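Notes for the one structure printed next.
The values are calculated or read from the model by the stated rules, or taken from the named source; none is laboratory data. The shown structure was predicted, so the numbers you read here are calculated from the model rather than taken from an experiment. Please note: Cβ atoms are built from the backbone with ideal geometry, for glycine as well, and neighbour counts cover all protein chains shown.
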Amino acid sequence: MNKVILMGRLVRDAEVRYSAGSNSMAVARFTLAVDRRFKKDGEPSADFISCVSFGKTAEFVEKYIKKGTKIALDGHWQTGSFTNKDGQKVYTNDCVVDSMEFAESKKQETTTDDGFMNIPDNLEDEGLPFN
């Protein structure tokens with residue numbers, strides 16, 4: 001069985017291209033930073049995993065997923081190779097995304113940088129949940 005489940009944040013905005021021809025299809029490539037479960041001193045705390053999505057999933061990425069967005073995805077692992085313009089063989093490893101969803105809610109616009117909500121000045125003390 002070849003099944004991959006990942007949760008992480010986009011390292012940068014996805015690169016989205018459309019295939020040529022009458023039935024063009026969106027192809028989105030992006031890198032997902034996935035925190036390691038166990039961290040050791042002197043080793044990276046995250047893995048940076050290359051992902052690719054196609055069709056409607058790629059269109060979803062283009063429209064809604066930006067740098068820093070936390071997503072959960074499932075897919076399968078795919079290896080491949082090609083010969084670059086210098087004649088060298090290059091090996092690839094990608095997670096081919098089958099489906100994805102947001103892993104956290106969108107930040108509210110009323111939240112400050114420190115994570116606290118702004119309380120309007122004209123709000124009476126009786127409306128607050130604390131004294």
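Taking only pairs six or more apart or across chains, which ones have beta-carbon atoms under 9 Å, a first residue in region 83-98 that is farther than 14 Å from THR57 by Cβ and free of Cβ contacts under 8 Å to residues at least 24 places away in the same chain, and a second residue that is of a type outside the set (Asp, Glu) and in a loop (DSSP other than H, G, I, E, B)? Taking only residues 6 or more apart or on different chains, the pairs are VAL90/ASN84.
Of the residues examined, ARG9 is one that is under 16 Å from ALA103 (Cβ atoms), in contact (Cβ under 8 Å) with a residue 12 or more places away in the chain and not in a loop (DSSP other than H, G, I, E, B). The residues of region 63-92 that are among the charged types (D, E, K, R) and within 19 Å of LEU6 (Cα to Cα), listed by number, are LYS66, LYS67, LYS70, ASP74. Of all the numbered requirements in (1) touching a Lys or Arg at 6+ places or on another chain (Cβ under 6 Å); (2) exposed (fewer than 11 other Cβ atoms within 10 Å of the Cβ); (3) at pLDDT below 95; (4) of a type outside the set (Lys, Arg), ALA20 misses one, and that requirement is (1).
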